[in-house]
1. Report the extension gain between ALA225 and ASN72 in nm, rounded to one decimal, defined as 0.36 nm multiplied by the number of residues separating them, less their alpha carbon distance.
2. Which FRET efficiency value, to the nearest 0.05, do you get for THR303 and LYS35 by plugging their Cβ-Cβ distance into 1/(1 + (r/R0)^6) with R0 = 41 Å?
3. Could you check the simple spin-label distance between THR243 and LEU108, using points 7 Å along Cα→Cβ, in nm with one decimal?
4. If each residue of separation counts as 0.36 nm, what is the full-extension length gain between GLN43 and SER94 once their alpha-carbon separation is subtracted?
5. If amide H atoms are built 1.01 Å from N in the plane of the peptide, which residues on other chains or at least 5 residues away come under 5 Å of the amide H of GLY295?
6. Would you kindly state how much longer the chain becomes between SER257 and ASN217 on full extension, computed as 0.36 nm times their sequence separation minus their alpha carbon distance, in nm to one decimal?
7. Sequence-distant or interchain residues sharing an amide H contact under 5 Å with ALA225, placed H: which?
8. Based only on the alpha carbon positions, what is the Kirkwood hydrodynamic radius of region 230-279, in angstrom?
Amino acid sequence: MNFERMLLFGFSGTLLALMMFISIGSVSVYAISIKIESPLSNQKVPVGQLTISGTSSDNSSAQCQVYLDWNNLKPYQLATPTGSNGSADFSKWSFTYTSKYHLIQTGLNDLTSKITCLVPPAGPTVTKWYSINVTGATTSNQSSNVQLPLPTANTKTPASNTKTAASNNQTPASNTQTPASNNQTPASNNQTSSPQSGASVDTTNTSNSNKINLEINVETNPIPAGDRQKVAVTASDPQTGNTLDRVFVRLTIKDPSGNVVKDYTDTDGELSPSFRLDKDITGTYSVLASASQAGIKTTKSTTFIVQ
């Protein structure tokens, strides 16, 4: 009886060891890899949309998928397979960061790729990651949209008229003292022309707001420190209410001390980023938004309270 029991234990141990060896061998043989080929790490890229591409160990016999994220923002986004073996071949892949998930922002951007594979036939799921950092920078075209001066032809015209009036004042002054007293009247007219010049600038600003309507929506206010906040900015046509495309939009979040904690840009007329607040900073945060196109710029601001 003891011999039979020992034989049974020995057979069970051998079978268990064999199963462990096969499992470990499958995982080690089924080595996986992934890499972002473009852009390169630490490269400067334009803010806004960005397409990245890379390679992985996926093949026709593997069951793998590739995912991407931005600054650890979940959920991961499925990449587009571009391998030569069909729509499930992730040996080559690409992904475009858009406003549907998240755009590249000014400053540091952490881009992470992830490959997940199922070890056949029904073994464990193995995963591997590859990350790069890129620096978002505003291009010259985007800068020109923000920095283009507003039309000033109308404001210069009153100034030229003022000079003409001033030169006319010199003519009566050379005649007699009686006309000299009349010179005070043109002088008062000159003072009137200054508000007229200011009025033309105000009118220009009003026409800007009439061409671009800017709306800011803060999802939670007040909000506990450490929670995730979402702010949406939309540039729209004041007449139709439709979102304007090809409009450069900027959204800046500042903490109660005035430090910039988030800075987002887009060229599609809208932004809706989600970000986590610092759990140690409370008070009133500032939200600054601007929209510009062809020299026309509209700005708007609001606040929210972090408790």
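Nothing in this text is a laboratory measurement; each read-out follows from the coordinates by a stated rule. None of these values were measured; they are calculated from a predicted model. No Cβ is skipped: glycine too gets one built from the backbone with ideal geometry, and neighbour counts run over all protein chains shown.
1. 53.2 nm
2. The pair THR303/LYS35 has a calculated efficiency of 0.40.
3. 3.0 nm
4. Fully extending the segment from GLN43 to SER94 adds 16.6 nm.
5. HN-HN under 5 Å from GLY295: LEU148.
6. Result: 12.2 nm gained on full extension.
7. Counting only residues 5 or more places away or on other chains, the set is GLN307.
8. One over the average 1/r among Cα pairs gives 12.0 Å for region 230-279.
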